[in-house]
Structures are given as C-alpha cells and as structure tokens.
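Peer 1: First, the structure itself, so that you have it in front of you.
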Amino acid sequence: MAKSSPSGKAPRTVKRSAQSAEIAFQKLRKAILSGEFKEGDRVREIRLVRDWKIGRTPLREAIRRAAESGYLVLRPNHAPVVRKLTADDIRQIYALREILECFALECAWDKLREADVKNLRRLADTARKTKDLDRRRSAQFIFDSALHQLWTARSGNPWLITILERLFIFRPNYQTRDTNMLDERSDAVEQAFAEHESILVAIEKKNLKAARRVLRRHISHAGELLAALHESGRPS
C-alpha cells in the first residue's frame, strides 16, 4: 500500500482534487440554472475538460453530484443530459413540497428564533418598498428563499432537509429557463409575495394553523402556475 510522503503531498493532492470537483459542480449547476445548458442538452465531458481546463476525475465527480442532486440524468454509454421536466413532474414535485414543507414548519415551530423572524420582516419590508422592478424581483426572491429555508433548516430533521433541498432545485431550474415567462406574469409574482407576507404575519402572531394554511395554498398555487407555464410555453 502506497503511503504519503512526510511532506504531505498526497493529502494536498486529494484536497486539490476535492476543491476542483466542487468548483466544477458549482460551474455545472450555474450553467444549468442560467439556461446555458438547456433541458435535454447533452453534457459532453471532453468539451468541458477542454473549456473549463479541468481534469476528468474532478469533472466526473461533479457530474455524479449533479445527477444525485437531480440536475442531470446519467445514461449507460451515453453522455448525461440535463433533466427535462414535464408539467406532471412539476405538479408532483410541488405536491410533495406541500406535504413536506408543512411538516417542516410544524417541526420547526418551537425552534423559530426572534432574530429569524426579525430578519424575515426586514427582507419583506425591503421588497415591498422597492419600486424599481428588477430590484424588487430580486428582493422578493431573497425573501422567498429565506422564508422557505427557515423552517427547513430549523426542522431539526436531516432526512427531511435533504429531501427538501433536492426538491427545491427544480424551482430555479424551471424559473430561469425563460425568465420572461414569469416577468410577464407580474400578477402571479405579486400574489406569491403577498402569500409569503401572510405566512410571515402568521409566524409573527404565533399562529401555526394560519401559517400552515397559507403555506399549503401558496405552494399549490405555485405548482399549478409553473406547470401551466411549462405546458403552454408562454404566459397564460
């Protein structure tokens, strides 16, 4: 069995490989979420090795992680492809989110901190007061993400957290596929923001029943909207 030298070169090599794999995974994830790699596109290893100037081993690790996370579909003896969702996929994903996020909220309820709620209020107020549309959408997305991540992180259930994190990836993956689709549905975006604020108000009032009710309705609305947009290919 080969041993590392006293200089520690082998451990450093392993560390560099892990860092390269992480960098490659983040680049791959960004390329998919930004739409550079579109649904159904083949991810060709040779091309990425050349374009990203990265070794095959860390790239393959990044591809494996991307597949485990749901971004890619691995195929025997063929290049992996970017996962292509159907409208039914989206409905099923959001049906799961509706059940699991409400459960996460219940699990997290007694663990929510005053500082958490104050931070969410600050984010919500910033989004509501912002007039510039691009900045408003950005602020709304930040508030949206922080709100959903709160009860996920505070649930105290690592299995639940892992499952929800895998489901969450499909939201930005679809929403950035064609940003104009949601930009042109400003009514739906504003409705989602109002629902998020209603959830926050219920949390501030320590009303779990109301928070759970609005959260369930919100996720159901979002799933139907995204499925309809996916089916039509344009705002409905």
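One line per residue, one yes/no per condition, for (1) basic (Lys, Arg); (2) under 16 Å from the mean Cα position of the chain (by Cα); (3) surrounded by 12 or more Cβ atoms within 10 Å (Cβ to Cβ); (4) closer than 18 Å to residue 77 by Cβ:
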residue: 19; (1), (2), (3), (4): no, no, no, no
residue: 23; (1), (2), (3), (4): no, no, yes, no
residue: 27; (1), (2), (3), (4): yes, yes, yes, no
residue: 42; (1), (2), (3), (4): yes, no, yes, yes
residue: 46; (1), (2), (3), (4): no, no, no, yes
residue: 50; (1), (2), (3), (4): yes, no, no, no
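Peer 1: OK, next. Is there a residue being surrounded by fewer than 20 Cβ atoms within 10 Å (Cβ to Cβ) and aromatic (Phe, Trp, Tyr) anywhere in region 148-157?
Peer 2: So in region 148-157, the residues surrounded by fewer than 20 Cβ atoms within 10 Å (Cβ to Cβ) come out as 149, 153-154, 156-157.
Still in the running and aromatic (Phe, Trp, Tyr): none.
For region 148-157, residues surrounded by fewer than 20 Cβ atoms within 10 Å (Cβ to Cβ) and aromatic (Phe, Trp, Tyr): absent.
Peer 1: Related question: State all residues of region 44-66 that are touching a strand residue (DSSP E or B) at 6+ places or on another chain (Cβ under 6 Å) and over 19 Å from residue 166 (Cβ atoms); if no residue qualifies, say none.
Peer 2: 44
Peer 1: Another question about this same structure. So which residues in region 52-100 are more than 20 Å from residue 168 (Cβ to Cβ) and surrounded by 16 or more Cβ atoms within 10 Å (Cβ to Cβ)?
Peer 2: Selection gives 52, 54, 58, 59, 61, 63, 80, 81.
Residues are listed down the side, and each one gets a yes or a no for (1) buried (at least 17 other Cβ atoms within 10 Å of the Cβ); (2) touching a residue at least 60 places away in the same chain (Cβ under 8 Å):
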{"site": "193", "(1), (2)": "yes, yes"}
{"site": "202", "(1), (2)": "yes, no"}
{"site": "212", "(1), (2)": "yes, yes"}
{"site": "219", "(1), (2)": "yes, yes"}
{"site": "225", "(1), (2)": "yes, no"}
{"site": "228", "(1), (2)": "no, yes"}
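Peer 1: Given the conditions (1) in contact (Cβ under 8 Å) with a residue 12 or more places away in the chain; (2) closer than 30 Å to residue 19 by Cβ, which single one is not true for residue 97?
Peer 2: (2)
Any read-out appearing in this document is the output of simple, stated calculations on the displayed coordinates, not a laboratory observation. Keep in mind it's a predicted model, so treat the numbers as computed, not measured. Here Cβ is always computed from backbone atoms with ideal geometry, including for glycine, and neighbour counts include all displayed protein chains.
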